[in-house]
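The values are calculated or read from the model by the stated rules, or taken from the named source; none is laboratory data. Keep in mind it's a predicted model, so treat the numbers as computed, not measured. Every residue, glycine among them, receives a Cβ derived from its backbone with ideal geometry; neighbour counts consider all protein chains shown. To get the accessible areas, we keep the full protein, side chains included, count just its heavy atoms, and leave off ligands, DNA and RNA. Shrake-Rupley method; radii C 1.70, N 1.55, O 1.52, S 1.80 Å.
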Amino acid sequence: MLASVLESDIESVVKGADKVDYFVIGSGTAGVTSALELAKGGFNVVIIEAGPFITANHVGTSPFRSQPEIVPKIHGLVKYETAWVPEESFNCRDTNPYVSNNTAWSLVGGRTVFWGGCAPRFIDSDFDHWPFNYKEFAPYYDEAEEMIHVSGTAPTRPPFIRSDWQTLAMERLNRSGFKAMHAPVSVDTNNVANGYISQGFDSSVARLLRSGRLVQFGEKQGVSLVANTCVTKIDGENGKVTKLHLLQPSDGKRYEITPKNVILACGGIQSTRLVMSSGLEKDNDVVGKYIGDHIFVQGLMRLKKPLGLPLYILIHATQKMPFQVQIQGSFEADWYSPYHSTVWLDHQSNGLNVLFYCFGIATVEKNNRVALLEDMGCKRGGASNYCVIYDRSEQDKLLIKQMMDSMPEIAKQLDAEVIRIQENPPGSALHEIGGLRMGDDPNTSITDQYGRFWRYKNLYAADSSTWRNQGAANPYLTITACALRMARKLVAEKRASLSVSS
Ligand SMILES: Cc1cc2nc3c(=O)[nH]c(=O)nc-3n(C[C@H](O)[C@H](O)[C@H](O)COP(=O)(O)OP(=O)(O)OC[C@H]3O[C@@H](n4cnc5c(N)ncnc54)[C@H](O)[C@@H]3O)c2cc1C
């Protein structure tokens, strides 16, 4: 029902495709941020989203947030299986290398409907191998933080957790050499007053709906949304993308569109998979390679006595300590699952459990790559039809040990002890990068620094598929700021061309 008001009909979009300046594939933060910025710059934009519209808001800002029975069922509506496997088992014919061990999500809003909200920046040195530096990028961070309400990073956005215990714990950690700060959580902490109602967690779907730029196709200039429609293939010829092939899985109907411009925002791995399965860069030695994810160490501390107050601290990475730690408590719950990502909002004053998640900077290896299953004579079908082949480097193994060894000291500063700690497998951090890496040299990269393909002048990637490496910080804020930067560049180019022609 709501869909009939918010979504546009695919058939009218196909008929009027010549009036669309940009087709954006995917409605997560990369897609919606770039679509809204392009619309603000005067372009007509259509977002094509494979998944359904299920909610207008992040689950943490919905009445379901404290419902541990319901939230996993909502995930169940829109998640699908994928796989990250080591080279050894991928090559082994005796075992099935394609057994799913990883999850992906497909819905209007993408993962932004479920994400945990932790939104720190990368540090200067994280940009050492990027074609631009921190200083140049910082204004986009400022804007993105304002747009997604990152709390605690400006005087106008107070920290999410404001307890004496939080202050004390940060002081203790800082005294013992850790760089502790209020966790920068993307939750609107402005007071509800004078007609203002806090907007809760950032989610791209809520941002799109609130923007006032969502229109039904043909109504007026803005962003239109076509949901439940998958882009199955992109054709390219003579340095241009020439056709998008679309499928509506519900009825098997297929459509074709001749686009002016296309922006990939399918999530790092899916943008790469779509390029590869379309054969767009088939003789390119770089495509699909240099895939990465954070090293993810997760654990549980037990407090000596209840805090009575909530705690959510982030320990920043430094060049000497190339990993970040999120510390949240206190709870009666004793483990984090991605299907309960917002459970921690309900701090329990009697709880003795403090959860921690450490994200370490993995080395970036060319051989860590996306493999298409159809090339292997094996078919899982659709978006799941790939496998990431990934092996940890020796340096990664040393870092895992450093991460694990640091935790007892951190626990000591909180009057707690570590009672469980584990390394989660590659892919499980859900912070994937690479596959379509950017660079200054077309021989060793797929896109330029703005995500524009060297070989296809009307094709762009807005998500983390272009990243050459990542810092220890969670990626959402940097994805959002990169998408903003890319769209600004396209709008500036349009303005420049208009002023030349006038
Ligand atoms: C439970 C959970 C907790 C997380 N916590 C954090 C956190 O605290 N901090 C942080 O920074 N990050 C976190 N993340 C990761 C973060 O959510 C993602 O990095 C980010 O949202 C990715 O945004 P995106 O726009 O690139 O892709 P996505 O959000 O994945 O959106 C891509 C969209 O593209 C669509 N799509 C894909 N292929 C096609 C196609 N062929 N045709 C049409 N549509 C297509 C998909 O259906 C999807 O909706 C978390 C993720 C999860 C799941």
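One chain, two ends: Lys40 and Asp391. Fully extended at 0.36 nm per residue, the span grows by 122.1 nm beyond their Cα-Cα distance. Which shape class, rounded, prolate or oblate, goes with region 303-344 when its Cα gyration tensor gives a ≥ b ≥ c as root eigenvalues, a/c under 1.5 marks rounded, and past that a/b bigger than b/c marks prolate? Oblate, because a/c is 1.5 or more while a/b does not exceed b/c.
Beta bridges from DSSP with both residues in the chain: antiparallel share about 75 percent, rounded to the nearest 5.
Across Met147, Met1, the residue with the most accessible area heads the list, and the full order at a 1.4 Å probe is Met1, Met147. Here the chain is scanned for GluC sites (Glu not before Pro) in DSSP loops (not H, G, I, E, B) that have at most 14 other Cβ atoms within 10 Å, and the longest stretch holding none of them is 333-502.
Note on the chain: percent of Cα-Cα distances in each 10 Å bin, starting at 0 and stopping at the bin with the largest distance, equals 4, 19, 31, 27, 14, 4, 0, 0. Rounded to the nearest 20 debye, the dipole magnitude of region 103-192 is 360 debye, with +1 charges on Lys and Arg beta carbons, -1 on Asp and Glu beta carbons, and the Cα centre as origin. The simple spin-label model puts a point 7 Å past each Cα toward its Cβ; for Leu168 and Val99 those points are separated by 4.8 nm. Exposed loop sites here are chymotrypsin sites (Phe, Trp or Tyr not before Pro) assigned a DSSP state other than H, G, I, E or B and surrounded by at most 15 other beta carbons within 10 Å; excluding them, the longest clear run of the chain is 133-334.
Taking Cα centre as origin and charging only the Cβ of basic (Lys, Arg, +1) and acidic (Asp, Glu, -1) residues, the dipole magnitude of the chain rounds to 600 debye. Relative to the longest principal axis of the Cα atoms of the chain, the long axis of helix 476-501 makes an angle of roughly 30 degrees.
Within region 40-136, the trypsin sites (Lys or Arg not before Pro) that combine a DSSP coil assignment with at most 10 other C-beta atoms in a 10 angstrom radius are Arg93.
You can think of it this way: the chain between Ser89 and Gln221 has 42.4 nm of extra reach, that is 0.36 nm per residue less the Cα-Cα gap.
The listed residues Ile161, Ile421, Ile47, once ranked by accessible area (1.4 Å probe) with the largest placed first, stand as Ile421, Ile161, Ile47.
As I understand it, the value is the acute angle between the Cα axis of helix 134-147 and the longest principal axis of the Cα atoms of the chain; what does it come to in degrees, rounded to 10? Between helix and principal axis, roughly 90 degrees. Ranking Cys118, Cys266 from most to least accessible surface, computed with a 1.4 Å probe over the protein chains only, gives Cys266, Cys118.
Modelled spin-label separation between Gln348 and Ile419, with each label point placed 7 Å from Cα along the Cα-to-Cβ direction: 1.2 nm. Counting 0.36 nm for each residue step from Ser176 to Ala138 and taking away their Cα separation leaves a gain of 10.8 nm. Using only helices, what value at 222 nm comes out for the chain when you add -39,500 (n - 2.57) per DSSP H run of length 4 or more and divide by the total residues, to the nearest 500 deg cm²/dmol? Mean residue ellipticity at 222 nm (helix-derived): -7500 deg cm²/dmol.
In the context of the full protein assembly, Arg302 retains an accessible surface of approximately 90 Å², using a probe radius of 1.4 Å and ignoring ligands and nucleic acids. Set the Förster distance to 30 Å, then compute FRET efficiency between Met1 and Lys73 from the Cβ-Cβ distance, nearest 0.05. The value I calculate is 0.90. Pairs exceeding 29 Å between alpha-carbon atoms, taken from Lys220/Lys489; Lys40/Lys243; Lys135/Lys179; Lys15/Lys73; Lys79/Lys179; Lys253/Lys289: Lys15/Lys73; Lys79/Lys179; Lys253/Lys289. Computed with a 1.4 Å probe on the full set of protein chains, the accessible area for Ile123 sits at about 40 Å². For the chain, the longest principal axis of the C-alpha atoms and the axis of helix 164-175 are separated by about 90°.
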